[in-house]
Amino acid sequence: MDLLLDAICMVDVQGRFVFVSAACERIFGYTADEMIGRQMLELVFPEDRVKTLEAASRVMAGHLQLHFENRYVRKDGQVVHIMWSARWSEADQLRIAVARDVTELKHAESMQVALHAISEAAHSAEDLLALFRHIHQIIGDLLPASNFFVALYDEKKDQLSFPYFVDEHDEAPMPRKLDSGTLSAEVIRTGQALLLTPDTRVTLSDQAGTIVGKDSLDWLGVPLASQKGVIGVLVVQSYSGGVRYTEQDKVLLQFVSAQIATVIERKQSETWLRHIARHDVLTDLPNRGLFDDRLRAALGRARLDGDRLSLLYIDLDRFKQVNDTYGHATGDLLLREVGHRIRHCVRDSDTIGRLGGDEFVVLLSSIKLPEHALMVAEKIRASLNQPFELAGQYLQVSASLGVAVFPEHGDENKQLIRHADSAMYRAKKMGGNRFLMEELQDSDDDDLPDGMIQAERSQGTE
């Protein structure tokens, strides 16, 4: 063993340094005078203190400890990996240990482990959030990452968002424009890693600032660069002198970020493909398959809880005339706007779907009375009856709606859809711009609230 590279330390029963060799200053950054009399545990990286105390107890019990590894925090805040061999001197009542700095070796090993872990995460993570959690753990094994976040940039929307944000002081910021003056945006705009420390002077644009309200002592951000360009940034930050980031940390984080960017992009593509497989491409509403699944699940919950739910079937009146007169592009704009208007008429917990053409369906969960569904139907009818401004033109359309209620109109998907569809066609035959509900099963008119029958059969405007 090369004693010029290794350090010798002696620690008393109370855990204080009583002797350190000259090599300790190179490894730990402290002079011998600064270390002697100081508690050994104060220099140990906080997360490694428990296992260090356990190892010390074994040594003091007379067990020779060989090749024990832990991390220490240098005087300059850097984290170093140390390999120890230690024994107990009963005569001197001291722990005598030889320490070797294996930081570079550990970093090389960690990078190989990280690359394998990133590959595993790419295949095992169910979605982007799960992937970001894996990435956080992987980076946390490479360098201190208690405060870590991922910012992603959508160039089409010019939107910087923060889908994963773990911080001891702040919550995730709201999405913002790239020119909003954040350090993350600066990294994305320049495509260059950025390390800010109290000892570092970096020239930034006048608009660049911090991402959140509380300034961090150290801030390290590296771009997520793919073949398409910079898609985001990985950031670690520290609020205390106990954890400091270095140029070596920047190089390390840049190395893994290239792999991570590819994985994120792949996961985004997978997520998008799953999304479009279950959503209408034009309106981005659930398609027939997804709507049926949600209706089936809602029916299951309603049966267990004894709740009512309602299905609204909506068809635009004379939509073909819009396409013939103004063209299919305007017709597509109209369908998207119809979806938006319906969304504003229902609750966030309700589901809107597009079945195709100009047919929409709405699932109203947990309604108290059938008349509540009729109230929503009237709200939608009135909203769609207002003029639409599309591509500089004003269009007037209307809609026919059919209403079905669980359990009165059946307890299966097909039954409810059939009843709502039938009621919609009756409304359309009566001139449209109205809503109707099919007769309730096993119910007499006298069983319904006052005014219900009239509302079912004649609500609407000619």
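The table below lists the values:
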item: Cα coordinate range in the stretch 64-105, projected on the principal axes (Å, largest first); result: 36, 21, 11
item: Descending principal axes extents, the stretch 327-431, alpha-carbon based, whole Å; result: 45, 29, 21
item: Heavy atoms of Thr190 accessible to a 1.4 Å probe, total area in Å² rounded to 10; result: 60
item: For the chain, calculated [θ]222 nm from helices alone, where every DSSP H run of n ≥ 4 adds -39500 (n - 2.57); result: -12500 deg cm²/dmol
item: Accessible surface, per residue, of the chain when the full set of protein chains is kept, probe 1.4 Å, Å²; result: 51
item: Net lengthening on full extension, Asp215/Leu53 (0.36 nm per residue, minus Cα-Cα); result: 54.9 nm
item: Convex hull projection area averaged over all views, the stretch 1-47, Cα basis, nm²; result: 3.7
item: Tyr394 versus Glu155: modelled label distance in nm, points set 7 Å from Cα along the beta carbon direction; result: 4.1
item: Å³ per residue enclosed by the Cα convex hull of the stretch 211-327; result: 263
item: Convex hull volume of the stretch 44-164 per residue (C-alpha atoms, cubic angstrom); result: 146
item: Magnitude of the charge dipole, the stretch 32-100, Cβ model with Lys/Arg +1 and Asp/Glu -1, debye to 20; result: 160
item: Label-point separation, Glu412 to Val102 (7 Å along Cα→Cβ), nm; result: 6.7
item: Chain lengthening between Glu126 and Glu34 when straightened (0.36 nm per residue, less Cα-Cα); result: 28.1 nm
item: In the stretch 109-191, trypsin sites (Lys or Arg not before Pro) in a DSSP loop with at most 16 other beta-carbon atoms within 10 Å; result: Lys156, Lys157, Lys177
item: Positive-end residue, the stretch 227-385 charge dipole about Cα centroid, Cβ charges, pick of Leu273, His372, Val256; result: Val256
item: Cα radius of gyration and Dmax for the chain (Å); result: 33.0, 105
item: Kirkwood Rh, angstrom, the stretch 73-143 [1 / mean 1/r, Cα pairs]; result: 15.0
item: Largest-first ellipsoid semi-axes for the stretch 1-86, taking √(5λ) over the Cα gyration tensor eigenvalues, angstrom; result: 18, 15, 14
item: Karplus 3J(HN,Hα) series, Hz, for the stretch 329-345 with 6.51 cos²θ - 1.76 cosθ + 1.60 (x for Gly, Pro); result: 4, 5, x, 5, 4, 4, 5, 5, 5, 4, x, 5, 5, 4, 4, 6, 9
item: Accessible surface of the chain [probe 1.4 Å, protein heavy atoms]: carbon and sulfur percent; result: 50
item: Candidates per GluC sites (Glu not before Pro) in the stretch 76-155, loop by DSSP, up to 13 other Cβ within 10 Å; result: Glu90, Glu126, Glu155
item: Simple spin-label estimate for Arg294 and Asp92 in nanometres, 7 Å along Cα-Cβ; result: 7.3
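The values are calculated or read from the model by the stated rules, or taken from the named source; none is laboratory data. The structure presented is a predicted model; accordingly, all values stated were derived computationally and were not measured. Here the Cβ is made from the backbone with ideal geometry for all residues, glycine too, and neighbour counts use every protein chain on show. Quick note on the areas: whole protein, heavy atoms, side chains included, nothing else; ligands and nucleic acids left out. Shrake-Rupley method; radii C 1.70, N 1.55, O 1.52, S 1.80 Å.
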